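The values are calculated or read from the model by the stated rules, or taken from the named source; none is laboratory data. Just so it is clear, the model here is predicted, and its values are computed rather than measured. All Cβ positions, glycine included, derive from the backbone under ideal geometry; neighbour counts span all protein chains shown. These accessible areas exclude ligands, DNA and RNA; they are computed on the full protein's heavy atoms, side chains included. Shrake-Rupley method; radii C 1.70, N 1.55, O 1.52, S 1.80 Å.
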Amino acid sequence: MKKFIKNPRDYFTTFASSVFKTLFLILVFSMTLPAFDFDAEYLKIHRTYQLHPDGSITEAYQNKIKLFTWNATQRLFGEDFIIYNPQFQKLTIHKSVTTMADGKEVPTPANGYNEVLPRGAAGDASLTGFREMVVTHTGLEQGCVVDFEYSILSQPGYFPGLMGEVVFAKDQPVKSYQLTVIVPMETALQFEAQNGPVTATITTKEGNRFYTWKMENLPPIITEPNRAAFEDNQPKVVFSSFKGWDQLFEVFAESCNSKAPLSAEMQLKVKDLTETLSDNFEKMTALQNFIVNHTGLARLDPMYLGYKIKKPQTTYNENSGSALDKAVLLASMLNTIELDAYPALVSKSATFSDSVASLSQFGDVVVCINGHGLEKQMISPVYMDNNSLLEKIGEKSLFRMNEKLKKIEKIKAGENFQEMELKLEMDEDLKLSGKGTFHFGGKYNSYYSLKDHDRAEIEISGSIGDLQSENEAITFLDTKKSTLNADLKSEKPEQKNGYIYLPLPEFSKGYNHSHIVTALKARKTTLDLNNDQSEKYSMAIKLPKNVVLASPKVKETAKSAIGSVKINIFLEGNLLTIEKTLNLKKNKVEPSEYGEFRKMIKIWEKEKFRQIVLKVNK
């Protein structure tokens, strides 16, 4: 017969005992697990680039990495991915072996090598020959070591020359990181080390010159919110076999010639898109829209393509191309209507070597326009924007693909600011009315969008909170700055026990809506603010006699190496004055500066400075 527990207390005692035993076993087990500060450690990384006398290039990569956690074995380092073009490149995997914790070696089996079409090649028929080798490592466990080595031999002419940029940084610690560049004796390699003490050792052997850079015991660059890109501040080496930018441009002079006449079919397309438009700005936008939204985009990195550029006719016929292909086509179409356009490459980082002609330093592609009322305009062939990108890309460099211009141009960032001036009056029904003036500069200036005057309402309404706008007007507009005016009003606010909680207007693109995270009390990596900026509010509200300020008066200021905060809220007679200013003069916050910056910005973020409380006396 089954034995039943008759006393309810016995049920509880039995259940509690089971739970206790389970928790105890979990605790004991967890105490036996090793604790790690990181998921893995690179024992060795070795990258080699070799230019052969016949112009072919070998790129070799080797890493040996020890995995410590299940996150490392199951998510981070279980696979390697290699993109290449089998028609012009030969991939050789020299080694793929896992040494387990007990010393047993497990080579990757045949079914651990699988080729797929790279995601970035999807949608472009001309790239269907590309392959991505997916190498799946086996025998992974905590404490194992993965030893992986491969090389890619590119045929002569696939790349215009030997170019590269190597950053000596990883998310995990690295015991030894080595870069070797090998060139024939007659080739003078151009190179520059940046952001740290990376020194080249130069030797000669068998008719070649070897350049070697090596760093040891590199700490991990941990993942933190809004972390700056590695290229911005980590040690890196840029190298090239080209003597200078003019020599490099000669390789592309023909393929990026946006002045060449278009075919009759393409000219007819330009005419169809622009003949009903009288304004050059509208014509520019119409052609950009055609390239951005009606021409396919291949998202493979230009390096994988051998930095090759399709002719405009080819991109038009195939209705697809890389960002650079689309830029050359767009510039060619703009030149057909005499808008003097040319493509340009934008550097990935403000840390740029203008003495080393290496395309690996560039990321984005733009089209520059300098004619017929559109001087110094810069637009994207990939997306539509609300202003010239010249006002948005910051302190970066351009490689101007125009034979008549100096090839490298340093961009000077404009002033990024938002200012709001409100003069309001509260009537006896507690409704607000008055006028507002709004100033936008640099990246906050929606110059292109505001060419359509209906956009003024959208620009204002997103930043005035519970207020409503009408009679919006644009009083000043150019690529650097815009000024908008509007009449403002509000509905009767809700009262709670005789108090009014009035949210203060905030710019929808202001700092408090930028998703920059300052929850960490200290940082180990550089905080990227995206851009320097200034944000200013000046509000004057005339209150009725029976309404007073219930919030305390405020006069707060704070300064740091990054900028300053000023907040001033006071009532003088029946005039309530609210002045708030945030000035960020740098776009990067180093770990040593972060504490003072955080202290300053926490004042700006305080909820009590984002609303005021008014008391209504009977």
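Results, tabulated for the structure shown:
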| read-out | value |
| --- | --- |
| Test for LEU67: is it on the phi < 0 side of the Ramachandran plot, of a type outside the set (Val, Ile, Thr) and open to solvent by less than 70 Å² (accessible area, probe 1.4 Å) | yes |
| Filtered residues of the stretch 330-354 (kept if open to solvent by 40 Å² or more (accessible area, probe 1.4 Å) and part of a helix (DSSP H, G or I)) | THR336 |
| Residue in the stretch 71-78 that is over 30 Å from GLU186 (Cβ atoms), hydroxyl-bearing (Ser, Thr, Tyr) and either part of a strand (DSSP E or B) or within 31 Å of the chain's Cα centre (by Cα) (or both) present | yes |
| Any pair with Cβ under 7 angstrom, 6 or more apart, that starts in the stretch 598-616 at a residue that is touching a residue at least 24 places away in the same chain (Cβ under 8 Å) and ends at one that is assigned to a helix (DSSP H, G or I) and buried (at least 20 other Cβ atoms within 10 Å of the Cβ) | none |
| Of residues in the stretch 230-245 being in contact with a Leu (Cβ under 9 Å, 6 or more places away or on another chain) and under 15 Å from SER360 (Cα atoms), the one surrounded by the fewest Cβ atoms within 10 Å (Cβ to Cβ) | PHE242 |
| Residue satisfying condition, being at pLDDT 95 or above, crowded, with 20+ Cβ neighbours inside 10 Å and not in a loop (DSSP other than H, G, I, E, B), within set ALA327, ALA357 | ALA327 |
| In the stretch 99-147, the residues that are more than 22 Å from ASN63 (Cβ to Cβ), open to solvent by 60 Å² or more (accessible area, probe 1.4 Å) and of a type in the set (S, T, N, Q) | ASN111, THR128 |
| Elements of type strands (runs of 3 or more DSSP E) in the stretch 535-602, at least 1 residues being among the hydroxyl-bearing types (Ser, Thr, Tyr) and either under 38 Å from the mean Cα position of the chain (by Cα) or closer than 28 Å to GLU428 by Cβ (or both) | 554-559, 563-572, 575-584 |
| Any hit, the stretch 207-229, residues being small (Gly, Ala, Ser), open to solvent by less than 20 Å² (accessible area, probe 1.4 Å) and modelled with pLDDT under 95 | yes |
| Enumeration of residues in the stretch 277-300 that are open to solvent by 40 Å² or more (accessible area, probe 1.4 Å) and small (Gly, Ala, Ser) | SER278 |
| Hits in the stretch 384-405 - residues which are out of contact with any strand residue (DSSP E or B) (no Cβ under 7 Å at 6 or more places or on another chain) and either more than 28 Å from LEU584 (Cα to Cα) or outside any loop (DSSP other than H, G, I, E, B) (or both) | GLU391, GLU403, LYS404, LEU405 |
| Residue list for the stretch 406-419, filter: closer than 16 Å to LEU345 by Cβ and either assigned to a loop (DSSP other than H, G, I, E, B) or among the small types (Gly, Ala, Ser) (or both) | LYS406, LYS407, ILE411 |
| PHE252, sole failed condition from (1) of a type in the set (Phe, Trp, Tyr); (2) crowded, with 19+ Cβ neighbours inside 10 Å; (3) modelled with pLDDT of 95 or more | (3) |
| Considering residues of the stretch 256-296 that are small (Gly, Ala, Ser) and free of Cβ contacts under 8 Å to residues at least 40 places away in the same chain only, the residue farthest from GLY123 (Cα to Cα) | SER278 |
| Search result, residues across the stretch 462-491 that are open to solvent by 20 Å² or more (accessible area, probe 1.4 Å), touching a helix residue (DSSP H, G or I) at 6+ places or on another chain (Cβ under 6 Å) and in a strand (DSSP E or B) | SER469, GLU472, ILE474, LEU477 |
| Pairs with Cβ under 6 Å, 6+ apart, first in the stretch 301-318 and more than 24 Å from GLN361 (Cα to Cα), second open to solvent by less than 40 Å² (accessible area, probe 1.4 Å) and assigned to a loop (DSSP other than H, G, I, E, B) | GLN313/SER263 |
| Long-range neighbours under 6 Å by Cβ, at least six apart or interchain, first residue among the β-branched types (Val, Ile, Thr) within the stretch 231-249, second open to solvent by 20 Å² or more (accessible area, probe 1.4 Å) | VAL237/ALA193; VAL238/GLU165; VAL238/GLU192 |
| Residues of the stretch 84-130 that turn out to be outside any loop (DSSP other than H, G, I, E, B) and within 20 Å of VAL146 (Cβ to Cβ), as a count | 17 |
| Residue within the stretch 190-199 that is part of a loop (DSSP other than H, G, I, E, B), touching a strand residue (DSSP E or B) at 6+ places or on another chain (Cβ under 8 Å) and of a type in the set (Ser, Thr, Tyr) present | yes |
| Tally of residues being under 30 Å from the mean Cα position of the chain (by Cα) and within 15 Å of TYR84 (Cβ to Cβ) across the stretch 105-149 | 16 |
| Qualifying residue in the stretch 167-176 (condition: more than 17 Å from LEU43 (Cβ to Cβ) and either open to solvent by 20 Å² or more (accessible area, probe 1.4 Å) or in a strand (DSSP E or B) (or both)) | yes |
| Among the residues listed as SER56, SER96, the single one being of a type outside the set (Val, Ile, Thr), under 30 Å from LYS326 (Cα atoms), open to solvent by less than 60 Å² (accessible area, probe 1.4 Å) and more than 27 Å from the chain's Cα centre (by Cα) | SER56 |
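So that you can scan it fast, the table gives a plain yes or no per residue for (1) touching a residue at least 24 places away in the same chain (Cβ under 8 Å); (2) among the small types (Gly, Ala, Ser); (3) closer than 30 Å to TYR49 by Cα:
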{"residue": "ASN387", "(1), (2), (3)": "yes, no, no"}
{"residue": "SER397", "(1), (2), (3)": "yes, yes, yes"}
{"residue": "LYS410", "(1), (2), (3)": "yes, no, yes"}
{"residue": "GLU415", "(1), (2), (3)": "yes, no, no"}
{"residue": "LEU424", "(1), (2), (3)": "yes, no, no"}
